[in-house]
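Trainee: Below: one structure in structure tokens.
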Amino acid sequence: MTEEARLLRSIASTLEDDAPRLAYADWLYAHNDPRGIFIRAQCQLARMKEGSKRYELAADRNYRLYDKYQDQFQKPFKDLGVIAVEFTRGLASWIYVSPEIFCANAAMLFKLSPALCRLRLCKVPSDIPSFAQMKGLRRISSLCVESGFDVDNFEDKPKLNNTGLKQLADSPNLINLEVLDLHDHEISDSGIEALASSPICNRLTRLVLRNNLIGNSGLKALANSPRLRQLKSLDIVHNRIGNSGCVALAAAPWLKNFSELYLTRNPISGQGIAALAKSPLVSGLNELDLSETKIGDAGLAAIARSPHFANLTLLCVVVAGCGDAGVQSLAESHNLPRLEKLNLSGNLNIGDASMNYLARTETLVSLSVLQVLETGVGNAGVAALAKSVHLNGLRQLDLSGCREVNSEGARALAAATGLEKLNVLNLSHTRLSDKGAASLAKATGLAELEILNLSHTRLTDKGAASLAKATGLKKVKMLEINDIPITTRTHNFLIKRFGNISSDLS
């Protein structure tokens with residue numbers, strides 16, 4: 001066995017340990033191979049805390065290294081027919097490839113990188129039973145099978161059906177899967193029933209089944225499965241899940257481990273959410289997405305009343321039939337102390353009253369992101385938020401598409417007394433005009449604002465020019481003004497003033 005082969009075998013035996021990788025990096029460096037520097041740099045970055053200055057410097061160094069040598073690093077994989085490859089701690093860990101190429105070259109691919117453990121197939125295998133028998137699959141912890149569109153032949157790719165899923169579920173080699181992604185297929189309840197009883201579920205922590213044909217029976221099969229004890233995240237967006245499915249899910253013993261639940265675009269009403277809200281098993285949830293359901297104000301009230309959502313940090317109820325009464329329930333709830341991100345977008349019955357309720361809340365103390373895109377919020381609601389003494393932790397406010405917001409709202413924001421930590425403000429697709437831009441240019445209440453989006457408004461070159469001469473907005477470093485008629489001269493002034501500009505002249 002060569003020294004390099006010995007080092008690679010050592011890495012394969014302890015993938016989570018950096019020491020074998022660093023030993024291999026030293027060997028590569030001694031042989032003038034730039035992968036040595038790259039492995040060491042990526043391992044160093046992985047140990048750092050994101051957001052720190054040291055992390056930013058290390059990340060920039062990693063980017064420059066990879067940009068310089070990416071063709072060289074990727075070439076051995078591309079030569080074997082791999083479409084794309086990603087590196088983790090210096091070694092290839094993820095590949096995007098056709099099933100045929102993977103089956104023909106698996107041994108060589110694993111030899112090139114002992115850290116290879118994530119596989120994304122660009123299409124459904126034509127011979128699933130043969131694919132499922134590949135012993136190399138025992139090294140795979142994350143599997144995604146795509147469908148989609150074949151751009152070369154201008155036709156839809158074959159989708160995975162129940163028969164195909166049953167054949168995958170019978171595989172003796174997919175037993176180390178932690179992530180299984182089967183989005184955009186034709187899987188229905190009988191396929192899910194086969195999956196739920198399969199040993200390939202024993203180690204799953206994340207299951208993605210969005211855009212399939214799964215109904216209540218399928219979700220009940222998952223809920224009753226004893227093999228999903230490790231599951232922490234379920235994405236079952238855009239299926240056929242109704243209230244009875246939610247009732248079954250509320251009793252699933254593995255739900256107690258959950259941190260993420262995505263139920264978007266399912267025919268669920270407030271009754272279904274009420275069943276979940278009553279279950280103490282949801283107490284570990286951090287993220288809950290109920291967008292494009294029918295939960296309405298009754299669903300929001302059920303969430304607000306529940307003592308089991310105390311760990312919720314993200315709640316999305318986009319286009320969910322909600323109105324002011326539901327937002328009032330949230331604003332007055334004492335059960336959501338950790339809620340950081342609230343997305344109420346697309347609910348046309350949410351208006352100024354909702355913003356007044358939120359402005360007066362004394363319980364949503366952790367709220368840092370508020371999204372109310374394309375709602376009925378107007379200037380009065382914006383003014384209430386701007387003056388709130390309870391939302392002083394808000395860092396992002398998205399009012400995009402609120403057609404009742406105009407320059408009066410911009411003036412209220414410019415003089416805000418309660419948004420001193422706001423970093424991101426989106427006023428795109430509102431009726432803001434040059435007058436509003438002039439107010440923002442003199443803003444005294446947006447001292448920490450870094451990103452400002454005024455695209456697709458009624459702004460003209462005159463308003464943009466006033467921003468270029470702004471006495472306020474001192475920390476803004478990204479200004480977006482797409483679809484605004486400005487001159488090259490004004491564009492250049494804006495670049496000089498703010499640095500990064502997104503406009504039709506960029």
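The values are calculated or read from the model by the stated rules, or taken from the named source; none is laboratory data. Just so it is clear, the structure is predicted and the values come from calculations on it, not from any experiment. In this analysis, Cβ positions are derived from the backbone assuming ideal geometry, glycine residues included, and neighbour counts consider all displayed protein chains. Note: areas computed on protein heavy atoms with side chains; ligands, DNA, RNA excluded. Shrake-Rupley method; radii C 1.70, N 1.55, O 1.52, S 1.80 Å.
Trainee: Please go through the residue pairs Lys387/Lys442; Lys232/Lys256; Lys78/Lys166 and name each one whose alpha carbons sit more than 20 Å apart in this structure.
Mentor: Table pairs above 20 Å Cα-Cα are Lys78/Lys166.
Trainee: What part of the accessible area of region 1-95, given as a whole %, is carbon or sulfur when the probe is 1.4 angstrom?
Mentor: Roughly 51 percent, rounded to a whole number.
Trainee: Still on this model: Between Ala251 and Lys496, how many nm apart are label points set 7 Å from Cα along the C-beta direction?
Mentor: 7.1 nm
Trainee: Please give me the summed charge of the neighbours of Tyr262: other residues whose Cβ is under 13 Å from its Cβ, Lys and Arg +1, Asp and Glu -1.
Mentor: -2
Trainee: Are there trypsin sites (Lys or Arg not before Pro) in region 210-240 that DSSP marks as loop and that have at most 15 other Cβ atoms within 10 Å, and which are they?
Mentor: Those satisfying the criteria are Arg229.
Trainee: Please go through region 429-490 and write out the trypsin sites (Lys or Arg not before Pro) that DSSP classes as loop and that have at most 16 other C-beta atoms within 10 Å.
Mentor: Those that pass, being in a loop and sparsely packed, are Lys442, Lys469, Lys474, Lys475, Lys477.
Trainee: Right, next: Rank-order 385-392, 396-403 by packing density, defined as the average count of other C-beta atoms within 10 Å over each peptide's residues, highest first.
Mentor: Result, highest mean first: 396-403, 385-392.
Trainee: Report the extension gain between Gln70 and Glu448 in nm, rounded to one decimal, defined as 0.36 nm multiplied by the number of residues separating them, less their alpha carbon distance.
Mentor: 132.4 nm
Trainee: Okay, moving on. Under 17 Å between alpha carbons, and skipping anything fewer than 8 positions from Lys341 in its own chain: which lysines qualify?
Mentor: Filter leaves Lys421.
Trainee: Quote the FRET efficiency, to the nearest 0.05, computed for Asn202 versus Lys475 with a Förster distance R0 of 51 Å and r equal to the Cβ-Cβ distance.
Mentor: E between Asn202 and Lys475, to the nearest 0.05, is 0.50.
Trainee: In a shell of Cβ-Cβ distance under 11 Å around Ile187, excluding Ile187 itself, what net charge do Lys and Arg (+1) and Asp and Glu (-1) give?
Mentor: Its environment carries a net charge of -1.
Trainee: Do the sum for the chain: with -39,500 (n - 2.57) for every DSSP H run of n ≥ 4, divided by all residues, what is the mean residue ellipticity at 222 nm, to the nearest 500 deg cm²/dmol?
Mentor: For the chain, the value works out to -11500 deg cm²/dmol.
Trainee: Would you mind working out the magnitude of the charge dipole of the chain relative to its Cα centre, with +1 at each Lys and Arg C-beta and -1 at each Asp and Glu C-beta, to the nearest 20 Debye?
Mentor: 1200 debye
Trainee: Here is a further query. Quickly work out the Arg489-to-Asp79 label distance, labels modelled 7 Å from Cα along the C-beta direction, and quote it in nm with one decimal.
Mentor: Here the modelled spin labels are 5.9 nm apart.
Trainee: If you don't mind, another one. How much area per residue is accessible in region 1-117 when the probe is 1.4 Å and only protein heavy atoms are counted (Å²)?
Mentor: With the other protein chains kept in place, region 1-117 gives 57 Å² per residue.
Trainee: Scan region 1-83 for trypsin sites (Lys or Arg not before Pro) in coil per DSSP, keeping those whose Cβ has at most 11 other Cβ atoms within 10 Å, and list them by number.
Mentor: Those that pass, being in a loop and sparsely packed, are Arg47, Lys49.
Trainee: Starting from the amide H of Ser93, placed 1.01 Å from N in the peptide plane, find each other amide H under 5 Å away whose residue is 5 or more places distant or on another chain.
Mentor: Glu86, Phe87, Thr88
Trainee: Same structure again: Not counting the cut sites, what is the longest span of the chain without GluC sites (Glu not before Pro) that DSSP labels loop and that have at most 12 other Cβ atoms within 10 Å?
Mentor: Looking at the chain, 51-361 is the longest stretch - no exposed GluC sites (Glu not before Pro) with at most 12 other Cβ atoms within 10 Å.
Trainee: While we're here: Put +1 on the Cβ of every Lys and Arg and -1 on every Asp and Glu Cβ in region 48-89; which of Phe87, Tyr55, Tyr69 then has its Cα farthest towards the positive end of the dipole?
Mentor: Tyr55
Trainee: For Met108 and Lys387 in the same chain, what is the full-extension length gain: residue separation times 0.36 nm, less their Cα-Cα distance, in nm?
Mentor: 94.2 nm
Trainee: Roll a 1.4 Å probe over the protein chains and send me the accessible area per residue for region 166-211 in Å².
Mentor: Using a 1.4 Å probe on heavy atoms only, each residue of region 166-211 averages 36 Å².
Trainee: Over all directions, what mean area does the Cα convex hull of region 1-112 project, stated in square nanometres?
Mentor: 7.6 nm²
Trainee: Using 7 Å Cα-to-Cβ label points, what is the Asp60/Asp17 separation (nm, one decimal)?
Mentor: It is 3.6 nm.
Trainee: Report the normalised scattering of region 265-408 as log10 I(q)/I(0) at q = 0.13 Å⁻¹, calculated by the Debye formula with identical scatterers on the alpha carbons.
Mentor: Treating every Cα as an identical point scatterer, log10 I(q)/I(0) equals -0.49.
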